[in-house]
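I have placed the structure first, in the form of structure tokens, so that the comments after it can refer back to it.
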Amino acid sequence: MQLENDLYAIDKTLLVKAGQVINRNTLKRIAALSGDHIDQPIKDTWLMKDLIETFQDQRYTNILYPPEVNQHVIRCISHLKIPEKIFLELAFMKEKSPATYHHILVIAILAAKISLDQSIKCVFATDMAIILSLFHDLGKSRIPDSILDKKTPLTLQERKMLSTHPLIGYILLHYYFGNSHHQFDFSSYQHHERLDGSGYPLGIKKINKYSQLIGVVDTLDALISDRPYRSRPYSLRAAIDFLLDEAEKGKFNKNLVRTLIIYSRRATPGAKIVIGEKGRDKEPEKNSYGKTVKS
Ligand SMILES: [Fe+2]
Ligand SMILES: [Fe+2]
């Protein structure tokens, strides 16, 4: 594994040089560079304010319901602490790519909401769901804007560079958490892996449950968000249909996708979930999500 550019931490420490081979020893060295990290409470910060505002996102009116659950999520967030340097990373992301920053906050509250759902067989701790979601795309802040904001399909080279963001986040988290990195860095490294092995960067099939959770809500948000490379976002219905198709192909945990279907249909609580071809919504025209061109 290698990166095309030098990678610096937010405090300007050089972590990896361009072209340097990244292996276990490299990561061990980076974890050892980290001094004691200072944790800062999220309560009463700009991050807390932004997270609360995220509940107003109209695209998720159906899913972020009922209000009591939202209040519960807010209470959980207000008890959390994250390393000071990750606050700086998130501030940097907010400045560089407001859309990615908003996306990160959306993933945190959606993952928290699902973690509180008693009907899911898989048990998630809400604080971990929130924290790991906040960390999952840290690596994107090191991807050039020309790639993040590109209006046309990415070239293979650009796709390759974008695909390094899980690795970049993984390295950063080794630095920010030092020897306790194990509890946190997988959220970055595995969130684009898929259960059938079709994901990246490793193509593994055994994925941590939190990464599975983040992967599902991450894909939902990617589909229903404005993106420079398509004329309009997917409707919530089309996005849910897409996720269900992918779950049926073995890429996503079906339980998690079904939970989102139930939330998205809260107008008819208790309705039997039958997904027919009829009435399915279509993907937007000129959609280049996940597509590449040769040069
Ligand atoms: Fe990502
Ligand atoms: Fe993401």
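Points to keep in mind about this one:
- Helix 236-248 axis, angle to the chain major axis (alpha carbon atoms, nearest 10°): 70 degrees
- Checking every one of the trypsin sites (Lys or Arg not before Pro) in region 19-65 against DSSP loop status and a limit of 14 other Cβ atoms within 10 Å picks out 43.
- The phi-based Karplus calculation (6.51 cos²θ - 1.76 cosθ + 1.60; θ = phi - 60°) puts the 3J(HN,Hα) values of region 8-15 at 10, 6, 5, 8, 6, 6, 6, 9 Hz, whole numbers, x for Gly and Pro.
- Note on the chain: with charges restricted to the Cβ of Lys and Arg (+1) and Asp and Glu (-1), its dipole about the Cα centre is near 820 debye.
- Angle in degrees between helix 98-115 and the longest Cα principal axis of the chain, rounded to the nearest 10: 60 degrees
- Amide H partners (placed H, <5 Å) of residue 16, local residues excluded: 7
- Taking other C-beta atoms within 10 angstrom as a stand-in for reagent exposure, 244, 116, 260 fall in the order 116, 244, 260, fewest first.
- Dividing the mean sequence gap of close Cα pairs (under 8 Å, 6+ apart) by how many residues region 7-293 holds gives a relative contact order of 18 percent.
- Nearest-ten-degree value, helix 84-96 long axis tilted from longest Cα axis of the chain: 70 degrees
- Electrostatic tally near residue 6: other residues with Cβ closer than 12 Å to its Cβ, Lys and Arg +1, Asp and Glu -1, net +2.
- Qualifying trypsin sites (Lys or Arg not before Pro) for region 117-190 [loop in DSSP, other Cβ within 10 Å: at most 13]: 121, 151
No lab work stands behind these numbers, since they all come straight from the coordinates. Bear in mind that the values here come from a model prediction, so they are computed numbers and not experimental data. Virtual Cβ from ideal backbone geometry, glycine too; neighbours counted across all protein chains shown.
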